[in-house]
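Below you'll find the structure, written out as structure tokens, and then a few comments.
The values are calculated or read from the model by the stated rules, or taken from the named source; none is laboratory data. Keep in mind that what you see is a predicted model, and the values were worked out from it rather than measured. FYI the Cβ positions are ideal-geometry reconstructions off the backbone, even for glycines, and counts take in every protein chain you see. Surface accessibility is based on the protein's heavy atoms, side chains included, excluding ligands, DNA and RNA. Shrake-Rupley method; radii C 1.70, N 1.55, O 1.52, S 1.80 Å.
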Amino acid sequence: MAPREKSKADSSKTIRASRLKAAARAEKPRETKAQRLTRLAAEQMELEADEVCDWVCSWEFELAARAGGARLVAGVDEVGRGPLFGPVVAAAVVLPAGDEFLHHFEGLNDSKKLTEEEREHFDARVREAAVAWSVAEVDVRTIDRINILQASRLAMKIAVEGLRQRGCEPDHLLIDGNQKIDAVCRQTTIVQGDARSLSIAAASVIAKVHRDRLLCELDGQYPGYGLARNKGYSTPEHKAALLRLGITEMHRRSFAPVAELFEAEVDGIDIDIDIEFRLVGD
């Protein structure tokens, strides 16, 4: 009898544990598709950022593309995938071929590895020396509608189309990351390409300087969030301002910190409406 009683007790414990797990799952808010895709994109960025490699920013990929028959090679990159506020920005840059231009880009690297002064320096150099360059923005509403990963790809596509509008038709794209874009030409994706390809590094600088300047302008329109300092990223200052001032139309509602606050605001509106309805009914 003892073993049988023990078996019943174990079974009872298992049932109770299952019920507790089910209750915990029920209490946990269900993740929307947009929030899941945003989380996965953020996790991918963290994985890429964790890769510590001593890359050399060079012409290696450009030379390989030209050896394969390419005439105009464009570097493509985006910035602003992680912030809670503002658009995602992409740039496409075609740098001139030839050793005589090398001195223009000595020291050029991933924009995140450069100081603000160095970025401003190379931004001016690239705009002056490039065969062509283009910048594109994808707004917050589109980010929330199609998710940040697809919005980043869209921004890069629009930037490439901007080159064509300037009379420059690239026949090979070097794209930072591991996602190709909707473009009819050869494409090479390069993880951490902004630290390995001078063309992609140039695009990263152009996009970064453009977005930073934009956020400084938006800081005047949306005071109190520290946008000129945090550039829309989820800093303690920014999150404290969200709690104090609430969200704006420029905040990304598909991003968890903003989504949670937005849902709380909506719940508050529902409560107010319910109270008002009862008062009128009385």
Exercise. Estimate the FRET efficiency between A124 and A240 by the formula 1/(1 + (r/R0)^6), using the beta-carbon distance for r and 22 Å for R0, to the nearest 0.05.
Key: 0.05
Quiz item: Could you give the Stokes-Einstein D for the range 130-246 in µm² per second, using the C-alpha Kirkwood radius, 20 °C, 1.002 mPa s?
Solution: 135
Quiz item: So how do M156, M250 rank on accessible area, 1.4 Å probe, biggest first, that is with the largest at the start?
Solution: M250, M156
Quiz item: With a sphere of radius 12 Å drawn around the Cβ of E249, what net charge do the other residues whose Cβ falls strictly inside it have (Lys, Arg +1; Asp, Glu -1)?
Solution: +1
Quiz item: When you count, for each residue, the other Cβ atoms within 10 Å and take the mean per peptide, how do 212-223, 136-147 rank with the highest first?
Solution: 136-147, 212-223
Quiz item: Net charge near D212, counting Lys/Arg +1 and Asp/Glu -1 over other residues with Cβ under 9 Å of its Cβ?
Solution: +4
Practice problem: Add +1 for every Lys or Arg and -1 for every Asp or Glu among the other residues with Cβ under 15 Å from the Cβ of R229, and state the total. | Solution: -1
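Hey, any idea what Rg/Rh is for the range 47-161, computing Rh the Kirkwood way over Cα pairs?
Result for the range 47-161 is an Rg/Rh of 0.98.
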Practice problem: Enter the Cα centre distance for the pair the range 208-248 and the range 82-132, rounded to the nearest angstrom. | Solution: 24
Exercise. Please express the shape of the range 111-187 as an equivalent ellipsoid: the semi-axes are the square roots of 5 times the eigenvalues of the C-alpha gyration tensor, given largest first in whole angstrom.
Key: 22, 18, 12
Quiz item: Want the number for E169 to A256: 0.36 nm per residue separation, take away the alpha-carbon distance, what's left?
Solution: 27.4 nm
